[in-house]
Amino acid sequence: MPSFKPPVVVKPVQADNSLGVTLVNTESDYEAALEKAFAESDEVLVERFIELGREVRCSIIVQKGKLICLPLEEYRMDAQTHPIRAYSSKLSEDAQGKIAFANKENKQTWLVNADDPDISQVWEAAKLSHQALGCRHYSLFDFRIDPQGKPWFLEAGLYCSFAPKSVIPIMVKATGVELSAFFQQMVDETLAVTHET
């Protein structure tokens, strides 16, 4: 059994979309949480629960070698009823097994206003994360902001589908850049780095 005192978050290492993730509030909840997590992965991570202030997603794109932070996306959360993002927060499944994006359908996310006081700290943390992980061209991170305004790294989602409704294109579009121009910038950036190496 883990030695951490609850509250903690138990999560499978090799699963996505919060499958098998559980908030453990008492030591008696550990066994069920571990069983659920190990059903999704051979390895499990136990993290100290960070009290909810906000939860946001930050993306970075690289342009001419510079890290450009895009507008933050915030998740609808509630400290009492919705303290962590679970599988149901992200995907929904109907009786026929059809899967849909819950956050897209239920307006569970929105872009944060440019004058928000928490943005700069998240951007700095995202840049450090991008560099520490050796990311190239773009990166995507989730952060929890505690009630004191400090951002905590949750996870890296190092992918971009480039679909118009995907998160990075939505963030780019909010800056006033057309998606076709963004895609061309990404191609140019990739080719420039490839030619240098």
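The values are calculated or read from the model by the stated rules, or taken from the named source; none is laboratory data. If you're wondering where the values come from, they're calculated on a predicted model, not measured in any experiment. Counting neighbours? That spans all protein chains shown, and the Cβs are built from the backbone with ideal geometry, glycine included. Calculation scope for accessible area: heavy atoms of the full protein, side chains included, ligands and nucleic acids excluded. Shrake-Rupley method; radii C 1.70, N 1.55, O 1.52, S 1.80 Å.
Could you tell me the calculated FRET efficiency between PHE38 and ASP16, based on Cβ-Cβ distance and R0 = 25 angstrom, to the nearest 0.05?
0.95
Which value, to two decimals, describes the C-alpha radius of gyration of the chain once divided by 2.2 N^0.38 Å?
Values: Rg = 18.1 Å, N = 197, 2.2 N^0.38 = 16.4 Å.
So the chain has a normalised radius of gyration of 1.11.
GLU178 to ARG76: FRET efficiency via 1/(1 + (r/R0)^6), r the Cβ-Cβ distance, R0 30 Å, to the nearest 0.05?
Working: r = 28 Å, r/R0 = 0.95.
The computed FRET efficiency comes out at 0.60.
Which aspartates and glutamates have a Cα less than 17 Å from the Cα of LYS5, not counting those fewer than 8 places away in the same chain?
By straight Cα distance, LYS5 reaches GLU27, ASP29, GLU31, GLU47, GLU51.
Determine the share of segment 1-95's accessible area contributed by carbon and sulfur atoms, expressed in whole percent, with a 1.4 angstrom probe.
Carbon and sulfur: 49 percent of the exposed surface of segment 1-95.
Given the whole protein assembly as supplied and a 1.4 Å probe, what does the accessible area of ASP16 come to in Å², nearest 10?
Result for ASP16: roughly 100 Å² accessible.
Using 0.36 nm per residue of separation minus the Cα-Cα distance, give me the extension gain between VAL187 and LYS150 in nm, one decimal.
Contour length minus Cα-Cα distance gives 9.8 nm.
What translational D, rounded to a whole number of µm²/s, comes out for segment 1-58 from Stokes-Einstein when the hydrodynamic radius is the Kirkwood one over Cα pairs, at 37 °C and 0.692 mPa s?
For the chosen part, D equals 280 µm²/s.
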